[in-house]
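Data block below; observations after.
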Amino acid sequence: MQQPEYDNSIVRGWVISAIVWAAAALLVGVLIAFQMVFPELNTSLPYFSFGRLRPLHTNAAIFGFTLSLVFATMYYAVPRLLKTPLWSPVLSRVHFWAYILTIISAAITLPAGYTQSKEYAELEWPIDILIALWWVVMCINFFMTIAKRNEKHLYVAIWFWIATLVTIPILYIVNNLAIPAGLLKSFSVYSGVTDANIQWWYGHNAVAFVLTTPILGMMYYYLPKHTRLPIFSHRISIIHFWSLIFIYIWAGPHHLLYSPVPGWAQTLGMVFSVALIAPSWGGMLNGFLTLTQAKEKLRTDATLKFILVALTFYGMSTFEGPMMSIRAVNAISHNTDWTIGHVHSGALGWVAGMCFVALYYLVPRLWNAKLYSERLAEVHFWLATAGILFYVVSMWIGGVAEGLMWRAVDAMGELQYQTWAEIIDQLKIYRFFRGLGGLLFLSGFLVMCYNLVKTIRASGEGFEPVDLREAQPARA
Amino acid sequence: MSESKIPKELTVYEKLSAKLDSKALRFTIFTTIAILIGGLVEIPPFFMMGQVQPTDQQKPYSALELAGRNVYQQEGCFYCHTQLIRPFKWETDRWDKARQYGPEPYSKAGEFAYDHPFLWGSKRTGPDLSHESTIRPSAAWHYDHLRNPRAAVSQSIMPAYPWLEKTPIDVAETLASMRALSVVGVPYSDAQISAAESELAGKTQADALVAYLLKLGRDSVAPQAASR
């Protein structure tokens, strides 16, 4: 069959968007990490204070960086997996520019203090409506592409993307229902306990359907493509896909243990969170077992190393998460830096790791040039890995210390650390090392940017994919 | 993908899956059903139980306090301060040593009945603020602290908020806020809304935020403690 025409220019747009927003997310992340050690860094300008920059950091990382690469991958892989060009190039551009407009509005309104105050759903209502619109546009385009495909079977990566396409709007719309009180001010229609329940149903599933399922789809696409080896087990794919999407939705209330949310909801959230280990590890094992088939290449191929570390952190954080949702553990971990460490072991290790895999895979192919330097990719890999470890380990130690200091009582049953400032003081060192970890991760990212820019500037020089199944000549 | 060399028996779910993944519409419908079940079990019961009733003494935020809550949201205070005391001795001891909130001084559902949105937070970098009105009843302390946290508590890592004292309250926005909240069920009367304008006249964002902080926990003080 003749190869259909694939539209690479839209994918290039998403790749550039991802790099720009990643830079914003990481720079702001490092700044606010150090603000928690040196409060003077907040300056006396409103726009640079922690409380306004934090939502900018999370939104840029999740919806700017990650989603851009999810879309890049979808626009690249879906037509190829279905052997058909994209249904509508026009809609793909409408999607892209409406998305860019959204993220720019986010980058302006959040530091200006306009927020719904719901974590990961901070954007005010006009931006929410814009998001709903381009999500519909994107869905039409993808489902029409699926409808007129030339390949009967849907590959497992597409299952995960379909789950993302249908779930996000449901979560997003229900959670964002609000009554406007002005152009950039609104109030949630839900109050108190109900609002909390719905917010974390959404909040946890943003983790599920923005940061897990599409990334698993990326793993299922890039890993076999890059190694030219089939996925280890289709059987595991089937079981872990259906159990993952079924169970994840229930886990939200583990964010609300020991709160006035009814006990039955808390218990459901806890039970299903613990059960989530099984499907999560199913995905991890499927990746690992595929990787073992190409294990000798792990020594020479930086992209494969990133997949290995990403899967490791996916496994670790999906073990840690269920543990933290057990009431007794949650009593120590909740509200502490441990949570922040947990989030970042997933976000930096798994999500950003797979995003880097996508970039190293896509950029040479999209610009038809060999990667400028494998060695720099290697440097990036080690800087990123060291950065994550610094970050996560310091947050583990600091977080547990924090939780234990809060509850420490002396022989008379009096609180051992009466004043809050005492505790803050002792956490300073861990938070400092967390900032250093972030700085390492950021420097690795900058190395990657240099590498990719050099690659892009060599555009058109020709790209030959290396067959990882064959022994490569030793590099000089 | 390449054919496996060893022919293997397809299991039941593999046969099912092979059927399903060639029928995109059906696949999407089943996926949607799978993801809806959890939410359907956990969310509708909240509405079937009816609105959470406010505690007996709980009053809606006054215009100034509401403007303060808007400032609290604007500055993202909830990223570092929780407003939820869990039922542990070491939390209740820390934030209600004098037992002013009765024998069970942890957070109850009714206290949040007028909160759109909830502001419990998920990270406690600074202390919990649920009972701030009784822990730090001094408005002067709060003004100093907002202006320069290090002057009030030398080890504090809180940002300074010097602009709050210089920024007047957006009166129109606050009135619109009251109207919007009355749409979603907060009992503001027309008289209250029309009286709000004079209450807010000449006030700054710092005045509002301090008023809000001094409202936190005030209506939950146990009656006997309040009359003491």
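Which entries in the list B:97/B:123; B:97/B:166; A:185/B:203 go over 26 Å, if you measure between the two C-alpha atoms of each? Spell out each step's value before the answer.
Numbers: B:97/B:123 22 Å; B:97/B:166 36 Å; A:185/B:203 20 Å.
Those over the limit are B:97/B:166.
Among A:415, A:24, A:8, whose Cα projects farthest towards the positive end of the dipole of the protein assembly as shown, with charges put on the beta-carbon of Lys, Arg (+1) and Asp, Glu (-1)?
Result: A:8.
Multiply the residue separation of residue B:40 and residue B:25 by 0.36 nm, subtract the distance between their alpha-carbon atoms, and state the gained length in nm to one decimal. Intermediate values should be presented prior to the final figure.
Details: separation 15, 0.36 × 15 = 5.40 nm, distance 2.20 nm.
Gain on stretching residue B:40 to residue B:25: 3.2 nm.
Evaluate E = 1/(1 + (r/R0)^6) for residue B:138 and residue A:129, where r is the Cβ-Cβ distance and R0 equals 60 Å; express this FRET efficiency to the nearest 0.05.
On the way: r = 44 Å, r/R0 = 0.73.
Given R0 = 60 Å and the Cβ-Cβ separation, E is 0.85.
So how strong a dipole does the protein assembly as shown carry about its Cα centre when Lys and Arg Cβ are +1 and Asp and Glu Cβ are -1, to the nearest 20 debye? Write out the running numbers ahead of the final one.
Details: 55 positive and 49 negative charges, 395 e Å.
Result for the protein assembly as shown is approximately 1900 debye, rounded to the nearest 20.
If r is the Cβ-Cβ distance from residue A:378 to residue B:163 and R0 is 45 Å, what FRET efficiency results, to the nearest 0.05?
On the way: r = 46 Å, r/R0 = 1.03.
In this case the efficiency is close to 0.45.
Suppose every Lys and Arg Cβ carries +1 and every Asp and Glu Cβ carries -1, with no other charges. What dipole size does segment A:1-151 come out with about its Cα centre, to the nearest 20 debye?
Details: 9 positive and 8 negative charges, 74 e Å.
About 360 debye.
Mind ranking A:413-419, B:171-177, A:227-233, A:460-466 by how tightly packed they are, going by the mean number of other C-beta atoms within 10 angstrom, highest first? It would help to have the intermediate numbers written out before the result.
Details: A:413-419: 13.6, B:171-177: 19.1, A:227-233: 17.4, A:460-466: 11.4.
The densest-packed peptide leads the list: B:171-177, A:227-233, A:413-419, A:460-466.
Within chain B, which whole H helices from DSSP have a Cα span along their axis of at least 24 Å and a mean Kyte-Doolittle hydropathy of 0.5 or more, if any?
On the way: long enough: B:24-42 (28 Å, 1.68).
Result, helices passing both filters: B:24-42.
If R0 is 25 Å, what FRET efficiency do you get for residue B:150 and residue A:47 from their C-beta distance, rounded to 0.05? Don't skip to the answer; put the middle values down first.
On the way: r = 21 Å, r/R0 = 0.83.
Efficiency at R0 = 25 Å is approximately 0.75.
With runs of 4+ DSSP H residues as the only contributors, calculate the mean residue ellipticity of chain A at 222 nm using -39,500 (n - 2.57) per run, divided by the residue total and rounded to the nearest 500.
Values: 17 runs with 319 residues, N = 476.
That comes out to -23000 deg cm²/dmol.
About the Cα centre of segment B:94-228, what is the dipole size in debye to 20, counting +1 per Lys and Arg Cβ and -1 per Asp and Glu Cβ, all else neutral?
Numbers: 15 positive and 15 negative charges, 127 e Å.
So the magnitude is around 620 debye.
In chain A, if the dipole is taken from +1 on Lys/Arg beta carbons and -1 on Asp/Glu beta carbons about the Cα centre, which of A:357, A:35, A:441 is farthest to the positive end?
About the Cα centre, the residue reaching furthest to the positive side is A:357.
Answer with one residue from A:114, A:181, A:167: the one whose Cα lies farthest towards the positive end of the charge dipole of segment A:105-222, charges on Cβ with Lys, Arg +1 and Asp, Glu -1.
Farthest along the dipole direction, towards plus: A:167.
Which of the residue pairs A:152/A:297; A:225/B:19; A:148/B:19 have a Cα-Cα distance greater than 21 Å in the structure shown? Show your work: numbers first, answer last.
Details: A:152/A:297 33 Å; A:225/B:19 25 Å; A:148/B:19 18 Å.
Violating the 21 Å limit, Cα to Cα: A:152/A:297; A:225/B:19.
Using only the alpha-carbon atoms, how far is helix A:156-176 inclined from the longest principal axis of chain A? Give it as 0 to 90 degrees, nearest 10.
Helix A:156-176 sits roughly 40 degrees off the main axis of chain A.
What angle do you read, to the nearest 10 degrees and between 0 and 90, between the alpha-carbon axis of helix A:420-457 and the longest principal axis of chain A?
The angle comes out at about 10 degrees.
Run the numbers on chain A and let me know its relative contact order in percent, using alpha-carbon pairs under 8 Å that are six or more apart. Don't skip to the end; give the middle numbers.
Numbers: 684 pairs, mean separation 71.0, N = 476.
Here the relative contact order equals 15 percent.
Report, as an integer, the average count of C-beta atoms from other chains found within 10 Å of each Cβ along B:109-115.
Values: counts 8, 3, 3, 8, 4, 2, 8.
Averaged over the peptide's residues, the number is 5.
Read-outs: derived from the displayed coordinates by stated rules, not from any lab. Model, not experiment: these values are computed from the prediction. With ideal geometry, Cβ positions are generated from the backbone for all residues, glycine too; neighbour counts draw on all protein chains shown.
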